[in-house]
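Below is one structure, written out as structure tokens; comments come after it.
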Amino acid sequence: MSTCPSCHGARFILGGIVNGTTGAFKGVRRTLCATCNATGSISEEFHERIKRGIELRADRLKRGLTVDQEAQRLNLKPYQVSDLENGVPNENP
Ligand SMILES: [Zn+2]
């Protein structure tokens, strides 16, 4: 197991609460971490996938392509490119 890269093992993520009408800052809310399902750690396999996704995104940005352009190039749907970059497990390998 590896420490969750999103919450760094804290099991929750801090997010700002903003007034929807005025945009005024209202405070900070703790949200349970969705990356590790609030366990604070992730499997080595998931960790590797996240690392690979970060590399894929960096590589795409270096080439100046949007997610849509990259999807077209790889003959994928844009959501599939973004899933790959976010380390989301591939349901249909
Ligand atoms: Zn987490």
Item to complete: Tell me the label-point distance for the pair Ile17, Thr35, using the 7 Å Cα-to-Cβ offset, in nm and rounded to one decimal.
Response: 2.4
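With Cβ to Cβ distances under 14 Å as the rule, what net charge do the other residues near Ile50 carry (K, R +1; D, E -1)?
Within the 14 Å Cβ shell, the charges total -2.
Work out the FRET efficiency for Arg52 and Val28 from their Cβ-Cβ distance, taking R0 = 25 Å, and round it to the nearest 0.05.
Calculated value: 0.20.
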Item to complete: Among Leu65, Leu84, rank each residue by its count of other Cβ atoms within 10 Å, from fewest to most, as a rough exposure measure.
Response: Leu65, Leu84
Item to complete: Report the charge-dipole magnitude of the chain in Debye, nearest 20, computed about the Cα centre from +1 at each Lys and Arg Cβ and -1 at each Asp and Glu Cβ.
Response: 380
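When the helix-only estimate is applied to the chain (DSSP H runs of n ≥ 4, each -39,500 (n - 2.57), divided by the residue count), what is the mean residue ellipticity at 222 nm, nearest 500 deg cm²/dmol?
For the chain, the value works out to -12000 deg cm²/dmol.
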Response to the item:
Note on region 1-42: contact order normalised by length, alpha-carbon pairs under 8 Å, 6 or more apart, percent, works out to 49
Worksheet item: Between the DSSP loop rule and a limit of at most 13 other Cβ atoms within 10 Å, which GluC sites (Glu not before Pro) in region 30-93 are left?
Response: Glu91
Discussion item. In region 43-93, if the dipole is taken from +1 on Lys/Arg beta carbons and -1 on Asp/Glu beta carbons about the Cα centre, which of Asn86, Leu65, Ser43 is farthest to the positive end?
Written reply: Leu65
Worksheet item: Using the beta-carbon distance between Leu76 and Glu45 and R0 = 22 Å, what value does 1/(1 + (r/R0)^6) give for FRET efficiency, to the nearest 0.05?
Response: 0.55
Practice prompt. Just need the relative contact order of the chain here, percent rounded to a whole number, with Cα pairs under 8 Å and 6+ apart.
Written response: 24
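Quick note: the coordinates plus some simple rules give every number you see, no bench work behind them. The shown structure was predicted, so the numbers you read here are calculated from the model rather than taken from an experiment. Here the Cβ is made from the backbone with ideal geometry for all residues, glycine too, and neighbour counts use every protein chain on show.
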